[in-house]
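None of the figures in this text is laboratory data; all of them are computed from the coordinates on show. Nothing here was measured: the structure is a model prediction, and the numbers come from that model. Cβ atoms come from the backbone with ideal geometry, glycine included; neighbour counts cover every protein chain shown.
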Amino acid sequence: MKKTKLKGRTNRLFKEFKMLAEDTTANVSAQLISDNIYHWGATMIGPLDTVYEGGVFYLDIHIPEEYPHKPPKIQFITKVYHPNINLSGHICLDILKESSWSAAQTIRTLLISIMSLLDNPNPDDPLVGSIAREYTNDRKVFNRKARQMVEDETKKQEAASKKELDNNKK
Ligand code: CO
């Protein structure tokens, strides 16, 4: 890297990244994609005592030029059965909206908010209406489908890492 002064945004992002890497208490971690400080991958452990327990969730984060004045774009790569997350991984969460985002937020606080959304769905402001109705009216069915999706995604992840291991042996 050149000795020129890092721009404020880049500087802040490196600090944020370092803090997140050093924080082992939160069940979230992040890595840079292709060494790009504006493109992060995050890993989230499914919160205990929820239908997502036992799951590992991957997210993709793109950080805009206007950060921290504009929110990052973040979505799940792992499929999640949830009233506020659709099957393409889009997340309906207030602080992700430009009007509600604040520069006091960080990627870490955002990830923690998403974890707490997993724990506390908001069926009154749904992204997927059918899942929200099921969550409200038929919790048993919701729980079963949500757990099934965690299992299916875990199997896919295991198959993918086995394939990677096999490829490495060749
Ligand atoms: Co990406």
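Points to keep in mind about this one:
- Radius ratio Rg over Rh of the chain, counting only Cα atoms, Kirkwood formula for Rh: 1.01
- Residues considered: S113, S88, S29. Largest GNM mean-square fluctuation over the chain, using C-alpha springs under 10 Å, is found at S88.
- Sorted on the mean count of surrounding Cβ atoms within 10 Å across their residues, most packed first, peptides 95-106, 117-128 read 117-128, 95-106.
- Taken over segment 108-170, lysine pairs spaced eight or more positions apart, or on distinct chains, with alpha carbons under 25 Å apart number 10.
- In the chain, Cα pairs under 8 Å separated by at least six residues give a relative contact order of 18 percent.
- Between T43 and S88, the contour length at 0.36 nm per residue exceeds the alpha carbon distance by 14.5 nm.
- Between E66 and S116, full extension at 0.36 nm per residue minus the direct alpha carbon distance yields a gain of 15.4 nm.
- At an R0 of 25 angstrom, the distance between the Cβ atoms of N11 and V56 translates into a FRET efficiency of 0.20.
- Rounded tilt (10° steps) of 139-169 against the dominant C-alpha axis of the chain: 50 degrees
- Shown is the FRET efficiency for K97 and D124, computed with R0 = 22 Å from the Cβ-Cβ distance and rounded to the nearest 0.05: 0.85.
- Semi-axis lengths, Å, segment 2-73, gyration tensor of Cα atoms, sqrt of 5 times eigenvalues: 27, 13, 11
- The ellipsoid equivalent to the alpha-carbon distribution of segment 84-170 has semi-axes of 29, 22, 10 angstrom, derived from the gyration tensor eigenvalues as √(5λ) and listed largest first.
- Approximating the spin labels as points 7 Å out from Cα along Cα→Cβ, the A104-to-A160 distance works out to 3.6 nm.
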